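Beneath this line is the structure, given in structure tokens, with notes to follow.
The values are calculated or read from the model by the stated rules, or taken from the named source; none is laboratory data. Note that the structure is a prediction, hence the values are computed from the model and not measured. No Cβ is skipped: glycine too gets one built from the backbone with ideal geometry, and neighbour counts run over all protein chains shown.
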Amino acid sequence: MSKLKDIWIVGLALFAMMFGAGNLIFPPKLGLNLGEDWLTGILGFFTTDVGLSLLAIIAVALAGGSVTKIGDKVHPIFSKIIGLVIVLAIGPLLALPRTGAVTYEMGITPIFPNLSPLITSIIYFSITTWFVLNPGTVVDKIGKILTPILLITLFTIIIKGIFSPIAEIKNTGISHSFSKSFLEGYQTVDGIGAIIFAPIIISALVAKGYSTVKSQIRMTIFSGILAMTVIGIVYGGLIYIGAQFTEIYSADIKRTELFVGIVKNLLGNSGTIIMSICVIMACLTTAIGLAMTTGNYFKEISNGKLPYKWVAITTIIISFFIANLSVDTIVNISFPILTLVYPTVIVLIILNIFDRFTIGNWVYRCSVALTFIVEIPRTINSYGVDITYLKKHVNDLPLSENQLEWVLPSLVGIFIGYSIDIIMQYKTKILYMNKTEVYMKKTI
């Protein structure tokens, strides 16, 4: 019974930390754009979010419960670099300030339209700081206090939308529904966020008495399944509800405005209060997890030279200033970065899951290198730099029309790396045999 209780507490805490601003504003907009293809959208969105997040949690647990260990087989320096990029992307530079911006636009403005965003940010990040400075009990606090409030408000909106649909779902004529939903799943950053949240969950389990590696992996997997199941249900509901508004709102409506409009249509004026609580709780729980994880990460890679509390506070201060940008501005900045980082992270996660079938490190090195290199031209072009020649070659790759051009290079990298590992293993064996033969001759 105690194990089941721990799974619920830790699993819901993981859900609360991962389910933030992106989880609220992206699924409804995806549903709006897809219309009748909403089910295909759910499958695509689930693949890069729910599915990848669960695999990431399992991969980290199998790798030893550390962010850095997941990339060590490429190279220890690379592991620290990719960890740093992930932490900065989902921490002070992108996801964390986005929670503050969304809190103001969707949680505060509908109720207090004249309230200064500066005052909102001060209050919001002060609350975040209070939780972050008590890291020993933060997981239980999130799981027991904030998560139930978040879930109640979310399911109120979803149940109303399912049983009292606002309008008939129409065909939007969109193409490549699955691949577009697949890419939209990047925006929630749950897939890469799970990599740095997993160590927090493992630490919480250790504090609860799970001392063996086997028990930690087992409990982490069960907690991850619970968290991803709840997130999956919420995603499905939000995408389906968004699809009901295809004839009410145009496809170019802002994500925040769409969510506000959906809630007002479903729940009326009183729904504004429910929506505000939902937004604030979703953003706050994620902000706490991101700030805490950033502090722990820098403390770990610096061997304690960078104190947890100072890093966490610095992270919150940086996020405070970036949060004054609009949500759409932050999203537009983040998407090209995420499309560069995500494929590499996906490859790392899959390789760690199937690590038992590898025989050396070159599989990791070649696959990751080719995956990363092939995404560079598209990312650079996204920021307005004209590199037509390079981009043309990338566009000639299979699946490039779906922005999945990295799949073939990653597979080629695995083949090349595996071949190198076999050759290296063979050379090592021959060298060992030769040394043994020389030693035996000298002995005789």
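For segment 168-181, a residue qualifies if it is surrounded by fewer than 23 Cβ atoms within 10 Å (Cβ to Cβ), in contact with a helix residue (DSSP H, G or I) (Cβ under 9 Å, 6 or more places away or on another chain) and not β-branched (Val, Ile, Thr), and the qualifying residues are LYS170, HIS176, SER177, PHE178, SER179, LYS180. Scanning segment 272-301 for residues being farther than 20 Å from ALA198 by Cα and among the small types (Gly, Ala, Ser) gives a total of 1. Taking the criterion of being among the basic types (Lys, Arg) and modelled with pLDDT of 75 or more, would at least one residue in segment 346-366 satisfy it? Scanning segment 346-366 turns up at least one residue that is among the basic types (Lys, Arg) and modelled with pLDDT of 75 or more. Check whether at least one residue in segment 429-440 is touching a Leu at 6+ places or on another chain (Cβ under 6 Å), part of a helix (DSSP H, G or I) and either at pLDDT 70 or above or not assigned by TED's automatic domain parsing to the domain that holds ALA194 (or both), and report yes or no. No; the residues of segment 429-440 include none that is touching a Leu at 6+ places or on another chain (Cβ under 6 Å), part of a helix (DSSP H, G or I) and either at pLDDT 70 or above or not assigned by TED's automatic domain parsing to the domain that holds ALA194 (or both). Name the residue that is modelled with the highest pLDDT, counting only residues in segment 306-327 that are farther than 22 Å from VAL60 by Cβ, not hydroxyl-bearing (Ser, Thr, Tyr) and not in a helix (DSSP H, G or I). Filtering first and then ranking leaves PRO307. Going through (1) more than 28 Å from VAL327 (Cβ to Cβ); (2) surrounded by fewer than 24 Cβ atoms within 10 Å (Cβ to Cβ); (3) in contact (Cβ under 8 Å) with a residue 24 or more places away in the chain one by one, VAL234 falls short only on (1). Within segment 352-366, being surrounded by 23 or more Cβ atoms within 10 Å (Cβ to Cβ) and farther than 16 Å from PRO76 by Cβ holds for VAL363, CYS366. Restricting attention to segment 328-341, does a residue exist that is modelled with pLDDT of 85 or more and either crowded, with 19+ Cβ neighbours inside 10 Å or in contact with a Lys or Arg (Cβ under 6 Å, 6 or more places away or on another chain) (or both)? For segment 328-341, residues modelled with pLDDT of 85 or more and either crowded, with 19+ Cβ neighbours inside 10 Å or in contact with a Lys or Arg (Cβ under 6 Å, 6 or more places away or on another chain) (or both): absent.
Any idea which of LEU325, LEU351, LEU338 is more than 18 Å from ILE81 (Cβ to Cβ) and not polar (S, T, N, Q)?
Within the list LEU325, LEU351, LEU338, the selection yields LEU325.
In segment 360-382, what residues are closer than 19 Å to ILE70 by Cβ and either of a type in the set (A, V, I, L, M, F, W, C) or more than 19 Å from the chain's Cα centre (by Cα) (or both)? Matches in segment 360-382: GLY360, ASN361, TRP362, VAL363, TYR364, ARG365, CYS366, SER367, VAL368, ALA369, LEU370, PHE372. Taken over segment 269-290, the residue count meeting the criterion of being modelled with pLDDT under 80 and not β-branched (Val, Ile, Thr) is 8.
Of the residues making up segment 11-36, those that are among the aliphatic types (A, V, I, L, M) and modelled with pLDDT under 80 are LEU12, ALA13, LEU14, ALA16, MET17, MET18, ALA21.
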